[in-house]
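Read the structure below first, then the notes.
The values are calculated or read from the model by the stated rules, or taken from the named source; none is laboratory data. Just so it is clear, the model here is predicted, and its values are computed rather than measured. Ligands, DNA and RNA are stripped out before the accessible areas are found, and what is left, the full protein with its side chains, is counted by its heavy atoms. Shrake-Rupley method; radii C 1.70, N 1.55, O 1.52, S 1.80 Å.
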Amino acid sequence: MRQSKRKFLTQKPVRRPKLRNVIRWGLYAVCIFLAFVTANGGDFTKPLLLIPIALCISSVSGTVVSGGIGILCGLLLDISCGTLAGYHGILLFLICLAVSCMYDRLLLQRFWNLIWLTAVAAFVVTGFDFVFQYAIWGYHQVSQLYLHHTLPCLAYTVISSMICYPVFSLIHRFLLPKRRRTIEKKLKPMEETA
């Protein structure tokens, strides 16, 4: 009886994970909405904020959630870029699934990991846009379009990810349930699949 009282008194109070999840997903929705609004304003050379936001959310989520976020952000990117519906959705779906699997198996939550992944994802998305919208149609001076519009868009996206990551890091630090990742936990799923 005495030991059970001790255990009861030493237990930490139960936190409200549902409230934290609601606040976290509300902040995600606000960030996605603001990124969508900025993608629809201004000229053609602007950062694609939906890419680093989708990658930040995918880095801490499971494969199903990250795939859904990739589809949502991709469809919003389709609307803002005026491309065929589902074009960016499929690209970001595959990229977010790959990022989720990499963070689950190989990577830790570090600033430079997400910056490099954002650079690769932005290069793939802008590269496919350039190839399928301009290069295959044989327009004149396509290289000028790539140098003056596509590369600055890519650079702005990578620079903006340096701002997005600390914001999402704060959200994850205070509102995401704590998970300790160690080398042993990372290697265990790899050994089971081998």
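Per the Kirkwood treatment, what hydrodynamic radius in Å, one decimal, follows for region 30-188 from the mean inverse distance over all distinct Cα pairs? Provide the component values of the computation, followed by the final result.
Details: mean 1/r = 0.0618 Å⁻¹.
Computed over region 30-188, the radius equals 16.2 Å.
Ignoring any ligand, DNA or RNA, what whole percent of the accessible area of region 15-112 comes from carbon and sulfur when the probe is 1.4 angstrom?
75 percent
Mind checking the full-extension length gain between THR63 and MET102? Use 0.36 nm per residue of separation minus the Cα-Cα distance, one decimal, nm.
13.0 nm
Give, in whole angstrom and from largest to smallest, the semi-axes √(5λ) of the equivalent ellipsoid of region 28-118, with λ running over the eigenvalues of the Cα gyration tensor.
22, 14, 11
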